[in-house]
Amino acid sequence: MKTTVSLLEVALKPAACHIIFLNSDKTLGSEAKGFDQKLNGSLSTLFKSGALTNKIGRLTIIPALGNQNTRLILVYVGKSSNNSVAAFKKLATSIAGKLKSSSIGSVDISLVGISACGISFESLSRHIIEAIGDERYRVAQQPAPADAPSKQKLLSIRFLVNTKAQVKQTKLGCQSGQAISNGKDLARNLGDLPGNICTPSYLAKQARALGRSHKLKVDVLSESDMKKLGMNSLLSVSRGSRQPAKLIVMHYSGAKSKTEQPYILVGKGLTFDAGGISIKPSAGMDEMKYDMCGAASVFGALQAVSEMGLEINVIGIVPSSENLPDGDANKPGDIVKSMSGQTIEILNTDAEGRLILCDALTYSKRFKPKTVIDIATLTGAVIVALGSHASGVMGNDQDLVNDIINAGETSQDRAWQLPLWDDYQKQLDSNFADIANIGGRAAGTITAGCFLSRFTEDLTWAHLDIAGTAWRSGGKQKGATGRAVPILTQYLIDRTN
Ligand code: BES
Ligand code: MN
Ligand code: ZN
């Protein structure tokens, strides 16, 4: 898909479809007036009837512009004060849906009519590009159908704006929108793959491929490497499976100096979570192939950062394993010694994410990071608390948590903070070890965060629980969403300004 930005006045040759925004129900803007002339005044008649502006978000299609074969789509955005990025994102989604269903090949999107709405041109173009990308994504079928006909008709998008400064801003939005969209596609593809294909070794292979295509230095630690480092907590999980665990480390060096402190993303890469000996109920268990979506969003964010060429250093760390009930699997009551030296009493083998993350977090310290964010489909409890709209965020540094929340607002991949108060820590007390791996039914998402906090005391650290946001369950919509690629990428973009 080709994306260009041009000044309204110089864009002569019209595309197959033209989209304009109406921001008033009182007067037809100058742009719309131009089209009105071509339509011999029928647009103003429609406008006066109120049919174009009776609902914010109303999309009206005029099938042909006079004798030209150009479609016109009018979008009513309402008065400036009504607009928010969240509302605009919904609008962008319905525009993208319309473009897809009417199989349009090229489109001019004039941003002139919404210039007063208080949303930056960067944000406008970015959300449109991202919404179109979301519509284009097709769930990968295994094996891929031999003659998969491309349903993608849309080949080019041109944004039209008024000033050179707007051209610059809009181009930035196109660039980040495309990079985030590509990152989401990568994350969704990985998340949608079944557990028999997407194993820890497969993820390691994909990381190496990503390294080649996007200039990342990739190291993969084997089980014996991890054993030498004392990662017994992580290894105790993979003992229950025949697939060897991998610790994937991906370096992106975009900063002027190679030694500049990196930002670290740690993603849970559980390629299938059956629960282990504390086995999960069988209904819907297939969905636990998504338990590597934290890892997938680290892959996607690193790809996006590399495509944008951000001038920072970023390291992605992905501990990857399966969680299955083998004869050698963890048993409830087992005690393991983590890389940090702390001992863990495993009271529930299904709380495995924290067991692999804690060693990866300890490992991250060797890179002396500025900040560390871990991303994990960690608890079912976060779905109860926040549903599928917000990821849960917790951390030991309020500035970092605020930066993440802000990045979620900008990217519309939102997160909501849960309290990581000391009061919750005692739920993890164990009679037999330094810490238990579960904290009872109450506040399950927070006690999971508390568990991780025991391994990050000397880091500037935050944790994102994406169990509710990384996929849609059940039915026809079942599949990965690509979250948390946008929020992570935005967090990193914001570090460069
Ligand atoms: N991967 C799951 C979290 C999960 C559960 C995601 C349901 C999506 C839907 C995680 O490993 C897990 O099993 N967590 C347990 C923790 C409990 C045993 C303390 C959970 O949430 O039930
Ligand atoms: Mn589990
Ligand atoms: Zn899990």
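The values are calculated or read from the model by the stated rules, or taken from the named source; none is laboratory data. Here the structure is a predicted model, which is why all the values come from computation and not from measurement. Note that we place each Cβ from the backbone using ideal geometry, even for glycine, and neighbour counts take in every protein chain shown. Note: accessible area is taken over every heavy atom of the protein model, side chains too, but ligands, DNA and RNA are not part of it. Shrake-Rupley method; radii C 1.70, N 1.55, O 1.52, S 1.80 Å.
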Checklist entry - Taking the stated definitions as given, is residue 462 in the same structural domain as residue 355 (by TED's automatic domain parsing) and within 18 Å of residue 264 (Cα to Cα)? => result yes
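Only one of 378, 386 is more than 19 Å from residue 227 (Cβ to Cβ), within 16 Å of ligand 2 (Cβ to nearest atom), aliphatic (A, V, I, L, M) and open to solvent by 10 Å² or more (accessible area, probe 1.4 Å); which?
On the way: 386 fails: within 16 Å of ligand 2 (Cβ to nearest atom).
Selected residue: 378, the only one of 378, 386 that is more than 19 Å from residue 227 (Cβ to Cβ), within 16 Å of ligand 2 (Cβ to nearest atom), aliphatic (A, V, I, L, M) and open to solvent by 10 Å² or more (accessible area, probe 1.4 Å).
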Item to check | Any chance residue 487 is open to solvent by less than 30 Å² (accessible area, probe 1.4 Å), modelled with pLDDT of 95 or more, more than 20 Å from residue 317 (Cβ to Cβ) and in a helix (DSSP H, G or I) | outcome: no
Item to check | Subset of the stretch 336-355 (residues that are within 13 Å of ligand 1 (Cβ to nearest atom), of a type in the set (A, V, I, L, M) and assigned to a loop (DSSP other than H, G, I, E, B)) | outcome: 347, 351
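Can you say whether residue 366 is among the basic types (Lys, Arg) and either assigned to a loop (DSSP other than H, G, I, E, B) or buried (at least 24 other Cβ atoms within 10 Å of the Cβ) (or both), as far as the supplied structure shows? Walk me through it before giving the result.
Details: among the basic types (Lys, Arg): yes; either assigned to a loop (DSSP other than H, G, I, E, B) or buried (at least 24 other Cβ atoms within 10 Å of the Cβ) (or both): no.
It is false that residue 366 is among the basic types (Lys, Arg) and either assigned to a loop (DSSP other than H, G, I, E, B) or buried (at least 24 other Cβ atoms within 10 Å of the Cβ) (or both).
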Checklist outcome for this item: By residue number, the members of the stretch 314-343 that are more than 15 Å from ligand 2 (Cβ to nearest atom) and under 32 Å from the mean Cα position of the chain (by Cα) are 314, 315, 316, 317, 318, 338, 339, 340
Next on the checklist: So residue 335 ticks every box in (1) over 17 Å from residue 459 (Cβ atoms); (2) within 12 Å of ligand 3 (Cβ to nearest atom) but one. Which box is left unticked?
Outcome noted: (2)
Next on the checklist: I'm checking my understanding of the structure. Among residues of the stretch 311-335 that are open to solvent by less than 10 Å² (accessible area, probe 1.4 Å) and small (Gly, Ala, Ser), which one is farthest from ligand 1 (Cβ to nearest atom)?
Outcome noted: 316
Next on the checklist: What are the pairs with Cβ atoms under 6 angstrom where one residue, in the stretch 240-264, is over 17 Å from residue 208 (Cβ atoms) and the other, located anywhere, is open to solvent by 40 Å² or more (accessible area, probe 1.4 Å) and charged (D, E, K, R)? Sequence gap at least six, or different chains.
Outcome noted: 240/326; 254/311; 255/311; 261/368; 261/370; 263/370
Checklist outcome for this item: With the first residue restricted to the stretch 412-441 and required to be basic (Lys, Arg), and the second required to be away from ligand 3 (no atom under 16 Å from the Cβ), Cβ contacts under 6 Å at 6 or more apart or on different chains are 414/390; 414/408
Checklist entry - Restricting the first residue to the stretch 448-461 and requiring it to be closer than 11 Å to residue 376 by Cβ, which pairs with a second residue that is of a type in the set (Phe, Trp, Tyr) meet a Cβ separation below 8 Å and a spacing of at least six or different chains? => result 452/461
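For the stretch 437-452, name all the residues that are more than 9 Å from ligand 1 (Cβ to nearest atom) and buried (at least 22 other Cβ atoms within 10 Å of the Cβ).
Residues satisfying the conditions are 446, 449, 450, 451, 452.
Which of the following residues is open to solvent by 20 Å² or more (accessible area, probe 1.4 Å), away from ligand 2 (no atom under 16 Å from the Cβ) and more than 27 Å from residue 255 (Cα to Cα): 399, 403, 350, 422? Please lay out each step first, then the result.
Values: 399 fails: more than 27 Å from residue 255 (Cα to Cα); 403 fails: more than 27 Å from residue 255 (Cα to Cα); 350 fails: away from ligand 2 (no atom under 16 Å from the Cβ).
The unique qualifying residue is 422.
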Checklist outcome for this item: Only unsatisfied item for residue 343, checking (1) of a type in the set (S, T, N, Q); (2) more than 16 Å from ligand 3 (Cβ to nearest atom); (3) in contact with a helix residue (DSSP H, G or I) (Cβ under 7 Å, 6 or more places away or on another chain), is (3)
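Residue 227 - would you say it is open to solvent by 40 Å² or more (accessible area, probe 1.4 Å), of a type in the set (Lys, Arg), on the phi > 0 side of the Ramachandran plot and more than 16 Å from ligand 3 (Cβ to nearest atom)?
Numbers: open to solvent by 40 Å² or more (accessible area, probe 1.4 Å): yes; of a type in the set (Lys, Arg): yes; on the phi > 0 side of the Ramachandran plot: no; more than 16 Å from ligand 3 (Cβ to nearest atom): yes.
Judged against the criteria, residue 227 is not a match.
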Next on the checklist: Given the criterion touching a residue at least 60 places away in the same chain (Cβ under 8 Å), within 14 Å of ligand 3 (Cβ to nearest atom), surrounded by 19 or more Cβ atoms within 10 Å (Cβ to Cβ) and of a type outside the set (S, T, N, Q), identify the matching residue among 300, 276, 284.
Outcome noted: 276
Checklist entry - Which of the residues belonging to the stretch 244-272 are open to solvent by less than 10 Å² (accessible area, probe 1.4 Å), within 16 Å of ligand 1 (Cβ to nearest atom) and within 21 Å of the chain's Cα centre (by Cα)? => result 266, 267, 268, 269, 270, 271
Next on the checklist: Would you confirm, using the coordinates I've provided, whether residue 338 is within 19 Å of residue 199 (Cα to Cα), modelled with pLDDT of 95 or more and assigned by TED's automatic domain parsing to the domain that holds residue 276?
Outcome noted: no
Checklist outcome for this item: Exactly one of 391, 364 is within 16 Å of ligand 3 (Cβ to nearest atom), modelled with pLDDT of 95 or more and assigned by TED's automatic domain parsing to the domain that holds residue 489, and that one is 391
